[in-house]
């Protein structure tokens, strides 16, 4: 089973957008959920063998689970996160948004915002694991990325990044990165400062 990414807007309650509403029959170990609303952004990892007691928001059991299978929080940022949406065409990014990129139909370019301000944030993730075949380009739109006048390329299946704008010299900084280079299917590389 390939790793999938699931967007959610709440943890529990069983309603539309709730993490516990995602049917467990569709889940396997290694799936990733991104929970984002006006008060929090968090990343959860699905462990099909976990029987940990539910303790929201750290441990979430899907509503239809009678036994093992839990969403386990691995990262959380209070104060709101990015608003995530799925895209499958070239897109101009907006501050405060994350893009779950479906590159199934070919290469995709996500163009970073023009005239960004310090603290602006944008996320991008290869949601259907197609980046090795269909490259995702993060167009810098005239600003540097980590001090370099070079576009960013996502070409590893399942990879994703969060970028925060600093200044005209450094430009956009990668503050977190996910991919499956370690057994748990994702890796937080760095979290620098506070947003």
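One line per residue, one yes/no per condition, for (1) closer than 18 Å to residue 160 by Cβ; (2) exposed (fewer than 15 other Cβ atoms within 10 Å of the Cβ); (3) in the same structural domain as residue 121 (by TED's automatic domain parsing):
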{"site": "9", "(1), (2), (3)": "no, no, no"}
{"site": "15", "(1), (2), (3)": "no, yes, no"}
{"site": "46", "(1), (2), (3)": "yes, no, no"}
{"site": "51", "(1), (2), (3)": "no, yes, no"}
{"site": "66", "(1), (2), (3)": "no, yes, no"}
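If you check residue 141 against the conditions, is it under 30 Å from residue 22 (Cβ atoms), over 17 Å from the mean Cα position of the chain (by Cα) and not assigned by TED's automatic domain parsing to the domain that holds residue 32?
No, not satisfied.
Here's the yes/no breakdown for (1) at pLDDT 90 or above; (2) on the phi > 0 side of the Ramachandran plot:
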{"residue": "105", "(1), (2)": "yes, no"}
{"residue": "117", "(1), (2)": "no, no"}
{"residue": "120", "(1), (2)": "no, no"}
{"residue": "124", "(1), (2)": "yes, no"}
{"residue": "130", "(1), (2)": "yes, no"}
{"residue": "141", "(1), (2)": "yes, yes"}
{"residue": "145", "(1), (2)": "yes, no"}
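With the condition kept exactly as written, say whether any residue in segment 4-11 is over 28 Å from residue 157 (Cβ atoms) and either modelled with pLDDT of 85 or more or touching a strand residue (DSSP E or B) at 6+ places or on another chain (Cβ under 8 Å) (or both).
Yes, segment 4-11 contains a residue that is over 28 Å from residue 157 (Cβ atoms) and either modelled with pLDDT of 85 or more or touching a strand residue (DSSP E or B) at 6+ places or on another chain (Cβ under 8 Å) (or both).
Being in the same structural domain as residue 136 (by TED's automatic domain parsing), at pLDDT 80 or above and either out of contact with any helix residue (DSSP H, G or I) (no Cβ under 6 Å at 6 or more places or on another chain) or closer than 17 Å to residue 125 by Cβ (or both): is that true of residue 25 here?
no
The values are calculated or read from the model by the stated rules, or taken from the named source; none is laboratory data. Computed from a predicted structure; not experimentally measured. Virtual Cβ from ideal backbone geometry, glycine too; neighbours counted across all protein chains shown.
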